[in-house]
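The values are calculated or read from the model by the stated rules, or taken from the named source; none is laboratory data. Everything numeric in this text was worked out from a predicted model, so none of it was measured. Cβ coordinates were reconstructed from backbone atoms using ideal geometry, including for glycine residues, and neighbour counts include every protein chain displayed. We work out accessible area using only protein heavy atoms, side chains counted, and drop any ligands, DNA or RNA first. Shrake-Rupley method; radii C 1.70, N 1.55, O 1.52, S 1.80 Å.
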Amino acid sequence: MTLTTRPLHEITLLSQAERLKGRPKLCSDCGICSSSLRPRMPDACVFVENQSEAIEQRLHGRNRRDGDELLFGIYRAVHVIRMRNINPDAQWSGIVTGLGALLLERGIVDGVITTMAVPGTHHAPLPILARTPEEVIASARNKPCLSPNLEILDAVRESGLRRIAFIGTGCQVHALRALQDELGLEKLYIIGIPCTDNVAYPDMLRFLQAASKSPDTVVHHEFMQDFRIWLRHEDGHVEKVNFVDLDVSAMGGEIGIFPAACLSCFDYQNTLSDLTIGYLGAPLPPTERWQWTMVRTEVGEELFNLIRPYLEEGQFTQRGNRLLGVSEYVRMLKRPRGRPPWPIRKLIAWMQRNRGPRGLEFARSVIEMKLLRNLQFVRDRHGRLERRIVPNHVYRALAQYSQVYEEEFGTPLKAPVR
Ligand SMILES: Cc1cc2nc3c(=O)[nH]c(=O)nc-3n(C[C@H](O)[C@H](O)[C@H](O)COP(=O)(O)OP(=O)(O)OC[C@H]3O[C@@H](n4cnc5c(N)ncnc54)[C@H](O)[C@@H]3O)c2cc1C
Ligand code: SF4
Ligand code: SF4
């Protein structure tokens with residue numbers, strides 16, 4: 001394992017404010033600005049200029065078609081999958097780290113940029129350049145906090161490696177794609193994980209304290225399709241908390257806990273990767289650990305074919321219709337309601353679990369709500385940046401909510417003149 005010469009343990013554990021000093025207002029700590037690539041920040045940073053549509057043109061020769069591509073990004077194929085031999089320590093079935101390990105085992109790459117936990121913690125992220133399959137497997141599981149993964153490009157350069165795989169989030173992949181041609185790499189494989197509502201490490205601890213009866217023993221948590229957070233503890237037991245029971249206002253509301261960058265992010269599905277591997281559109285129950293993948297590029301096809309013999313394939317499911325629920329969400333964005341009393345919360349949780357959208361329709365509804373919330377956040381707080389950081393496909397994706405948006409906000413949803 002190769003660490004950079006900088007003391008990443010310390011950096012990762014700093015408070016968000018200290019860590020981001022001297023950076024633009026919107027920063028997700030992708031790693032560029034704490035590496036020797038910092039001078040390239042203006043050309044790489046998704047929060048300076050969102051270049052996703054130009055990068056799509058370069059990767060695919062086109063932009064997104066109407067329909068699901070507007071939400072999921074451009075893909076050649078989409079599959080429900082899980083590892084035949086599920087890694088019980090992984091976030092889901094372990095496809096991401098399984099694939100990274102396989103690339104090293106077969107000698108296809110010489111290093112994999114992946115994220116361990118800082119020793120002695122469950123969740124503080126520590127990006128590394130893994131050189132053996134075992135090191136990649138040891139990095140399984142989410143450390144659901146901002147992680148400066150691109151900082152490891154310095155270690156790649158220092159070690160002279162030319163064939164690498166990168167595992168990371170959408171904002172990191174944007175910067176990596178923007179600089180890809182100048183890194184002197186012979187081969188680059190980009191395995192994307194979906195990402196939304198990430199947090200700085202200290203805020204993640206604050207969140208666990210609010211959500212769990214035993215925050216220190218949580219080793220894994222995930223926001224599930226059944227509208228509950230599942231928190232797995234060191235002894236294996238799973239604690240389930242209804243979304244609606246979470247007292248977000250006690251944490252200062254979404255704005256109090258999520259970094260401004262993540263509230264200005266429009267790439268939940270990591271659409272510029274070669275292959276995205278997540279869980280959002282996969283069938284329940286979570287205990288079966290089904291995942292979904294979007295194969296995006298020719299390199300993504302190579303990756304998928306490599307891991308395919310180790311996978312089981314499942315079927316997509318879907319239920320419900322998101323339009324009413326998402327329209328209601330637009331109204332709530334304008335006129336937020338307080339936390340209802342417990343019996344009403346219980347009813348809402350039951351309705352969400354039993355009547356809410358499922359499978360692919362659930363994925364569409366969640367992505368649309370994040371796009372709406374983040375567009376409104378940018379308009380309210382960083383209006384001058386809208387033209388530069390909100391890609392055009394966001395307005396195309398949300399066009400069906402134009403009427404309710406205009407009724408509520410008294411302004412058009414459509415893109416400002418660029
Ligand atoms: C903050 C966050 C939010 C997410 N939200 C969603 C979501 O809403 N919907 C969805 O479908 N999927 C989401 N994911 C991805 C999902 O939880 C799984 O990581 C993914 O499905 C892979 O599962 P796996 O079992 O194949 O991964 P594993 O084999 O367990 O490997 C996990 C990989 O994630 C990498 N990783 C861990 N933490 C970080 C980090 N902070 N930054 C960058 N890389 C990291 C590790 O290096 C490892 O390579 C999120 C991930 C993160 C980190
Ligand atoms: S997101 Fe990355 S490139 Fe942008 S300011 Fe932060 S560290 Fe720099
Ligand atoms: S939510 Fe977006 S900006 Fe924040 S870490 Fe994830 S991909 Fe990056």
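The residues of segment 289-339 present an accessible area of 57 Å² per residue when probed at 1.4 Å with all protein chains retained. Please state the shape class of the chain: rounded when a/c is under 1.5, otherwise prolate if a/b exceeds b/c and oblate if not, all from the C-alpha gyration tensor. Verdict is rounded for the chain. Positive end of the charge dipole of segment 113-162 (Lys, Arg +1 and Asp, Glu -1 on Cβ, about the Cα centre): tell me which of Pro144, Thr121, Leu161 has its Cα farthest that way. About the Cα centre, the residue reaching furthest to the positive side is Pro144. Judged by the mean number of other Cβ atoms found within 10 Å, the most tightly packed of the peptides 134-147, 113-126, 265-278 leads the ranking 265-278, 134-147, 113-126.
Note on the chain: antiparallel DSSP beta bridges, both residues inside, total approximately 75 percent of the bridges counted. Among 178-187, 291-300, sorting by the average number of other beta carbon atoms lying within 10 angstrom of each residue, highest first, gives 291-300, 178-187. Across segment 378-388, computed HN-Hα scalar couplings (Karplus, 6.51 cos²θ - 1.76 cosθ + 1.60, θ = phi - 60°) run 4, 4, 6, 10, 9, x, 5, 8, 3, 4, 8 Hz from first to last residue, x flagging Gly and Pro.
Distance from the alpha carbon centroid of segment 307-329 to that of segment 115-179 works out to 28 angstrom. Extension gain, Asp181-Lys334: 0.36 nm per intervening residue step, less the Cα-Cα distance, totals 50.8 nm.
Working note: Karplus 6.51/-1.76/1.60 with θ = phi - 60° gives segment 188-195 the couplings 9, 10, 10, 9, x, 9, x, 7 Hz, where Gly and Pro are set to x. Accessible area per residue for segment 201-257, computed on protein heavy atoms with a 1.4 Å probe, is 46 Å². For segment 201-257, the Cβ-based charge dipole about the Cα centre amounts to some 40 debye (Lys, Arg positive; Asp, Glu negative; other atoms uncharged). Projecting the Cα positions of Val219, Phe409, Gln269 onto the charge dipole of the chain (unit charges on Cβ atoms of Lys, Arg, Asp and Glu, taken about the Cα centre) puts Phe409 furthest along the positive direction.
Taking the 1.4 Å solvent-accessible surface of the chain as the whole, the part contributed by carbon and sulfur is 52%.
Rounded to the nearest 20 debye, the dipole magnitude of the chain is 1100 debye, with +1 charges on Lys and Arg beta carbons, -1 on Asp and Glu beta carbons, and the Cα centre as origin.
Calculated accessible area for segment 77-119 comes out at 34 Å² per residue, all protein chains present (probe 1.4 Å; ligands, DNA, RNA ignored).
3J(HN,Hα) couplings calculated from phi for segment 230-244 with the Karplus curve 6.51 cos²θ - 1.76 cosθ + 1.60 (θ = phi - 60°) are, in sequence order, 9, 10, 9, 9, 3, 7, x, 6, 10, 9, 10, 10, 4, 3, 5 Hz; Gly and Pro show x.
Between Thr297, Phe377, Leu179, the Cα set farthest toward the positive side of the dipole of the chain (charges on each charged residue's Cβ, about the Cα centre) is that of Phe377. Reducing segment 399-418 and segment 257-281 to their Cα centroids gives an inter-centroid distance of 23 Å.
Which order do the peptides 241-253, 100-112, 360-372 come out in when sorted by mean C-beta neighbours inside 10 angstrom, highest first? Let's see the in-between values first.
Working: 241-253: 14.7, 100-112: 19.9, 360-372: 21.5.
Final packing ranking: 360-372, 100-112, 241-253.
Considering helices alone, the calculated mean residue ellipticity of the chain at 222 nm is -10000 deg cm²/dmol, with DSSP H runs of length four and up weighted by -39500 (n - 2.57) and normalised per residue. For segment 124-270, the dipole from Cβ point charges (+1 on Lys and Arg, -1 on Asp and Glu) about the Cα centre works out to 300 debye, to the nearest 20.
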